[in-house]
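The values are calculated or read from the model by the stated rules, or taken from the named source; none is laboratory data. Since we're looking at a predicted model, the values are computed, not measured. Because the Cβ atoms are built from the backbone with ideal geometry, glycine has one as well, and the counts that use them run over all protein chains shown. Heads up: the accessible areas ignore ligands, DNA and RNA and are worked out on the full protein's heavy atoms, side chains in. Shrake-Rupley method; radii C 1.70, N 1.55, O 1.52, S 1.80 Å.
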Amino acid sequence: MMTKKDIVRIVSEELDCSQVLVKKIVQRSLDVLIEMLVSQGRVELRNFGVFEVKQRKSRIVRNPRTGETMKMEAHRAVRFKAGKNMLEKVNAPVPKKRKKREKN
């Protein structure tokens, strides 16, 4: 699993910038993404994907552990649809790592 800290470290090393600066840039980028979703309901990042806010209806749900049913109120949820480039790269065959032979 990769975290925001990992992204900051990788970008910082590649651009030869301080991690503090890169962290501010990454965090501000995420903040702007959220602000745009709240105000416009859709953010499209070419070659990456589309984030979209969808309205969900209220419905009856069941807790799988207890079997208890309850009503889930109507709410807004964020949906992500991956872009063509991302899907191609994610679905590309991954080369298998070769195991090192033990010397006898």
A 1.4 Å probe over the protein heavy atoms gives the chain a carbon and sulfur accessible-area percentage of 54 percent
HN-Hα J couplings of the range 77-93 from phi, Karplus 6.51/-1.76/1.60, θ = phi - 60°, integer Hz, Gly and Pro as x?
9, 8, 10, 10, 10, 5, x, 4, 4, 5, 4, 4, 6, 5, 8, 5, x
Is it possible to state the helix-based mean residue ellipticity at 222 nm for the chain, with each DSSP H run of 4+ residues giving -39500 (n - 2.57), the sum divided by total residues, to the nearest 500 deg cm²/dmol? What is it?
-13000 deg cm²/dmol
Across the chain, where is the longest run that never hits GluC sites (Glu not before Pro) in a DSSP loop with at most 11 other C-beta atoms within 10 Å?
1-67
Stokes-Einstein D (µm²/s) once Rh is taken as the Kirkwood radius of the range 8-104 over alpha-carbon pairs, at 10 °C in 1.306 mPa s
88 µm²/s
Over the chain, with neighbouring protein chains present, the accessible area per residue in Å² at probe 1.4 Å is 95 Å²
Eight or more residues apart or on different chains, and alpha-carbon atoms under 15 Å: count the Lys pairs in the range 1-90 matching that.
7
Which distance in nm do the two modelled labels at Q40 and K5 give, with both placed 7 Å along the Cα-to-Cβ direction?
3.3 nm
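About the Cα centre, and with charges only on the beta carbon of Lys, Arg (+1) and Asp, Glu (-1), how big is the dipole of the chain? Nearest 20 debye, please.
Magnitude of the dipole: close to 720 debye.
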Expected output is a single nm value to one decimal: the length gained when fully extending between K97 and S29, i.e. 0.36 nm times separation in residues minus the C-alpha distance. What is it?
21.0 nm
